[in-house]
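A short write-up of the structure that comes next.
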Amino acid sequence: MKPFLILQLRPEADASDDEFEAICDKGGLAHSDTVRVRLDCDALPEGLALEDVSGVIVGGGPGCISDAPEAKTPVEARIEAQVLELMPEIVARDIPFMGCCYGMGVLGHYLGAKVSKDRFGEPVGATLCQMTPDGARDPLLAGLPETWQAFVGHKEAVQALPDGAVHLVASAPCPMQMIRTGQNVYATQFHPEAEAADFERRIAIYRNHGYFPPEDAERLVAACHAAQVDVPRQILKRFVARYARR
């Protein structure tokens with residue numbers, strides 16, 4: 001199988017490793033089925049050709065694409081520039097793409113939508129998602145329940161549907177939970193790779209990153225384990241199954 005290119009944006013090694021394992025596990029991917037690039041410490045592979053991969057999966061991260069350039073660390077600025085460097089070819093050629101969390105900001109920004117902290121920031125935990133009529137017809141979502149829970153926790157969001165994009169999934173706190181442009185380029189605000197145990201570890205890692213008061217960590221962990229979050233991983237698995245090429 002042609003590998004999936006997995007681009008990771010988390011500068012914390014433990015969080016990055018944990019996310020990579022979660023993507024592989026929920027996507028049904030062996031490590032050998034992937035090309036993993038940690039953009040915080042590695043550049044895009046020399047001579048990377050997107051026709052040589054089955055698709056591109058972008059993980060989450062603590063950076064915000066809406067932050068002013070002077071507010072971004074050199075690592076955050078480099079990560080953002082490398083991801084955005086790929087977007088013209090991905091969108092123009094309709095290359096299979098799944099942007100998770102930060103990937104929603106990347107795709108929305110590239111398509112000209114406003115990404116900001118003005119509205120729709122989400123507390124850490126599970127949120128109730130609602131499929132739109134277009135979502136119910138989408139190949140990655142067809143046949144799934146009309147409503148389901150997903151794990152979120154974000155400081156910024158796409159403020160309105162980008163021109164030419166299709167709105168697939170909404171939630172009350174954040175309307176743009178999943179979008180598609182073309183036929184194959186997707187992004188989710190929620191974390192399709194995350195289950196309760198994954199979020200428990202992230203809560204510990206990001207306890208002091210401003211997502212929540214540190215003293216709330218134990219309460220958030222308990223709430224995550226009480227939530228029923230099983231549909232999002234099916235979306236990631238369907239993405240891998242649909243686009244795996246030999």
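Screening 136, 170, 160 for residues that are without any contact (Cβ under 8 Å) to a residue 60 or more places away in the chain and either assigned to a loop (DSSP other than H, G, I, E, B) or not hydrophobic (A, V, I, L, M, F, W, C) (or both) leaves exactly one candidate, 160. Condition (residue is in a loop (DSSP other than H, G, I, E, B), in contact with a helix residue (DSSP H, G or I) (Cβ under 6 Å, 6 or more places away or on another chain) and either modelled with pLDDT under 90 or of a type outside the set (Val, Ile, Thr) (or both)) applied to the range 195-207: is it met by at least one residue? Scanning the range 195-207, I find at least one residue that is in a loop (DSSP other than H, G, I, E, B), in contact with a helix residue (DSSP H, G or I) (Cβ under 6 Å, 6 or more places away or on another chain) and either modelled with pLDDT under 90 or of a type outside the set (Val, Ile, Thr) (or both), so the answer is yes. Given the conditions (1) modelled with pLDDT under 95; (2) assigned to a helix (DSSP H, G or I), report the number of the one that residue 240 does not fulfil. Failing condition for residue 240: (1). Contact annotation: residue pairs with Cβ atoms under 9 Å, 6 or more positions apart or on different chains, pairing a residue in the range 84-111 that is within 18 Å of residue 175 (Cα to Cα) with a partner that is at pLDDT 95 or above and basic (Lys, Arg), are 108/114. Put simply, of 212, 190 the only residue that is under 18 Å from the mean Cα position of the chain (by Cα), buried (at least 17 other Cβ atoms within 10 Å of the Cβ) and of a type in the set (Phe, Trp, Tyr) is 190.
The values are calculated or read from the model by the stated rules, or taken from the named source; none is laboratory data. These numbers were taken from a predicted model, which means no experiment stands behind them. All Cβ positions, even for glycine, are placed from backbone atoms using ideal geometry, and neighbour counts span all protein chains on display.
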